[in-house]
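Just so it is clear, none of the values below were taken in a lab; they were calculated from the coordinates. A quick note: this is a predicted structure, and the numbers were derived from the prediction, not measured. No Cβ is skipped: glycine too gets one built from the backbone with ideal geometry, and neighbour counts run over all protein chains shown.
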Amino acid sequence: MRDPFRPTIFTRHNLHLHTLLLENQPWFCARDIGRLMGVHLSDRMVSKLDNDQRRVLWIEYFRQPEKQLMLSESGVYALLVYHYIPGNRLLREWLTHQVVAALRDAEPSANPDRPMLSLLDWSEMSLSLLHWQGEGWIRLRDMPYLLADRTQRRVPGVKPRWRKIIALLQSWKHSIGDR
């Protein structure tokens, strides 16, 4: 057995998603995708996919080498269409706009000046952060979630979430500038 692949792990609703980027193509752990979809992905369900949409790989699954069925990006989208559940629309959006984008942006790039996307994860929310021109950028549509704490009653000695995020971004800016 060769060394297992070390996946990137994303979290949604306290469920883990083990992902890999192989040859610039995202691959997702079928077991995790099934949990996120709220279904058990049986062999019959997965057999509907083409051979190039599924493969078995050795990965580190919760720090243990395990053989896992992995699904390509197109395979996951096909399963979401075959087994349509209205709530999975949000899962597809999360996969497309956050997980796949963050996976691709995590790869070393030939052009260090290009924008890079990362994902800040908290138990109550996730936030996409764009790194560009030495600055951290947050989508305008995410601002109401960050500023929601401003309208809540203040507790002495407790910083609102938006102040914590600003402090975190400033510390990252300083740590990147020290390199």
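Of S74, S42, the sequence from fewest to most neighbouring Cβ atoms within 10 angstrom is S42, S74. Placing a label point 7 Å from the Cα of W58 along the Cα-to-Cβ line, the residues of segment 1-38 whose backbone N sits under 11 Å from it are 1-5.
In this rough spin-label picture, where each label sits 7 Å from Cα along the Cβ direction, the S74-T96 distance is 1.7 nm. Gain on full extension, evaluated as 0.36 nm per residue between D50 and Y82 minus their Cα-Cα distance, stands at 10.2 nm.
Sorting the segments 29-37, 87-95 by their residues' average number of neighbouring beta-carbon atoms within 10 angstrom, most packed first, yields 29-37, 87-95.
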